[in-house]
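Beneath this line is the structure, given in structure tokens, with notes to follow.
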Amino acid sequence: MPKLELSVAMGDYDRTRPLKDGDVQIDGVSPVYMNLSPEEIFFRAFRNSEFDISELSFSSYLVKRSQDASPYTAVPIFLSRAFRHTSIYVRKDRIKKPQNLIGARIGIPEYQLTAIVWARALLNDDYGIKPSDVTWVKGGIDEPGRVEKIALNLPPDIKLENAPEGDTISAMLDRGDLDAFIAPRPPGCVGKNPNVAWLFDDPTAVAKDYYKRTSIFPIMHVVGVRNELVERHPWLPAAVLKAFEQSKAVALERLSDTSATKVTLPFVEEQMKAARELMGMDYWSYGVKKNLPTLEAFLRNHHQQGLSSRLMKVEEIFHPATYETARI
């Protein structure tokens, strides 16, 4: 039987490179890989379903899935994960602590971005700042004119406005027209304006405490398979999960070989040791069972923030064949 020739769109990560380079194969698939930026992948995937297998924004996927309108079925492969304490920037001349954000104007590129959902969740859960306590100002980070990828139906108490035409949220923060900024990327004025800095002076310490208390390692991106392919080839989602697991294992093995460091960064051995002491040997785990606290927290906050049309259960967001995997 000939292999399926499928397009695969994903970012260029160490954990996906063995797939792109051909060191790891997806059973039954002849892939055509495209390394693209997450912004381009998500826009093309959710607007036109352009890819057969695609990296997806977790938040965008849940918005669509809760409406039974997602063109993709997710597999519990978490290509991007990050503690989002470093995503919150403020004007330090007026915001001294998280509680000062009540009543603030906060710039964001899109309301439903996964990183921003997680940032709002930690502000709400740890500091009592509800999404309705601030005014959200939406615009491009450093280029004007960014639009929301998917239509939203937000609660009436959410105050959301657009940045002035031709303006950016980075420039508005720089001028002081905004009190804070939350995004997956830093604003362009960081390092140039001494009044713009992280909300948390030591975000790593705060994030480690957060993990110790919650066991949550925030998930940003999942992998989706187009629904038509899932229906025609029910073996495909499990094959995709198996291949991405193998690719990550190869990446971790290479990262652990520090005879010649694989990344352009000092203290790699020390950072790996610290991550494993805090989070266990499989600190970047795929699959459902090991990630239940993170998944349940995200589903709850996503719905509370008015993004999911209903409170979804973990057992309904991934393909059924991917909740358990074979053991040898």
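The values are calculated or read from the model by the stated rules, or taken from the named source; none is laboratory data. As the structure is a prediction and not an experimental result, all values here were calculated from the model. Backbone-built Cβ (ideal geometry, glycine too); neighbour counts: all protein chains shown.
Brief remarks on what is shown
- Scan of region 285-312 for residues that are of a type in the set (A, V, I, L, M, F, W, C) and surrounded by fewer than 15 Cβ atoms within 10 Å (Cβ to Cβ), ordered by number: Leu292, Leu311
- Inter-residue pairs, beta-carbon under 7 Å, first within 18 Å of Phe298 (Cβ to Cβ) and without any contact (Cβ under 8 Å) to a residue 24 or more places away in the chain and in region 119-136, second in a helix (DSSP H, G or I) and of a type outside the set (A, V, I, L, M, F, W, C), 6+ apart: Lys130/Asn124
- Scan of region 73-105 for residues that are in a loop (DSSP other than H, G, I, E, B) and of a type in the set (Val, Ile, Thr), ordered by number: Ile95, Ile102
Listed here are the residues, each with its yes/no results for (1) closer than 16 Å to Val75 by Cα; (2) within 19 Å of the chain's Cα centre (by Cα).
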position: Met220; (1), (2): yes, yes
position: Glu231; (1), (2): yes, no
position: Trp235; (1), (2): yes, no
position: Ala239; (1), (2): yes, no
position: Ser285; (1), (2): yes, yes
position: Arg310; (1), (2): no, no
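- Scanning region 15-29 for residues that are without any contact (Cβ under 8 Å) to a residue 60 or more places away in the chain and either surrounded by fewer than 12 Cβ atoms within 10 Å (Cβ to Cβ) or part of a loop (DSSP other than H, G, I, E, B) (or both) yields Asp21, Gly22.
- Exactly one residue out of Lys273, Lys262, Lys242 is in the same structural domain as Ala69 (by TED's automatic domain parsing) and not aliphatic (A, V, I, L, M): that is Lys242.
- Filter result (acidic (Asp, Glu) and more than 30 Å from Asp174 (Cβ to Cβ)) within region 60-94: Asp68
- Scanning region 230-252 for residues that are of a type outside the set (A, V, I, L, M, F, W, C), in a helix (DSSP H, G or I) and touching a helix residue (DSSP H, G or I) at 6+ places or on another chain (Cβ under 9 Å) turns up Pro237, Gln246, Ser247, Lys248.
- Selected residue [at positive phi and in the same structural domain as Ile150 (by TED's automatic domain parsing)] from Gly103, Gly107: Gly103
- Residue in region 50-59 that is out of contact with any helix residue (DSSP H, G or I) (no Cβ under 8 Å at 6 or more places or on another chain) and not basic (Lys, Arg) present: no
- Residue check, Leu122 modelled with pLDDT of 95 or more, within 24 Å of Met220 (Cβ to Cβ) and within 18 Å of the chain's Cα centre (by Cα): yes
- For Val263, the conditions (1) part of a helix (DSSP H, G or I); (2) out of contact with any Pro (no Cβ under 7 Å at 6 or more places or on another chain) are fulfilled apart from (1).
- Apart from one condition, Asp174 fits all of (1) surrounded by 14 or more Cβ atoms within 10 Å (Cβ to Cβ); (2) touching a helix residue (DSSP H, G or I) at 6+ places or on another chain (Cβ under 9 Å); the exception is (2).
- Selection within region 139-161 - more than 17 Å from Cys189 (Cα to Cα) and either loosely packed, with under 14 Cβ neighbours inside 10 Å or among the basic types (Lys, Arg) (or both): Gly145, Arg146, Val147, Lys149, Ala151, Asn153, Pro155, Pro156, Asp157, Lys159, Glu161
- Selection count, region 35-69, where residues are of a type in the set (Gly, Ala, Ser), surrounded by 21 or more Cβ atoms within 10 Å (Cβ to Cβ) and over 16 Å from Leu113 (Cβ atoms): 1
- With respect to being within 18 Å of Val240 (Cβ to Cβ), out of contact with any Gly (no Cβ under 9 Å at 6 or more places or on another chain), aliphatic (A, V, I, L, M) and not in a strand (DSSP E or B), Val32 falls outside the description.
Yes/no matrix, rows are residues, columns are (1) polar (S, T, N, Q); (2) surrounded by 20 or more Cβ atoms within 10 Å (Cβ to Cβ):
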site: Lys208; (1), (2): no, no
site: Val225; (1), (2): no, yes
site: Glu228; (1), (2): no, no
site: Thr264; (1), (2): yes, no
site: Val268; (1), (2): no, no
site: Ala275; (1), (2): no, no
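- Within region 266-312, being basic (Lys, Arg), in a helix (DSSP H, G or I) and over 22 Å from Gln246 (Cβ atoms) holds for Lys273, Arg300.
- Leading residue by the ranking (surrounded by the most Cβ atoms within 10 Å (Cβ to Cβ)) among those in region 313-328 that are modelled with pLDDT of 95 or more and part of a loop (DSSP other than H, G, I, E, B): Ile317
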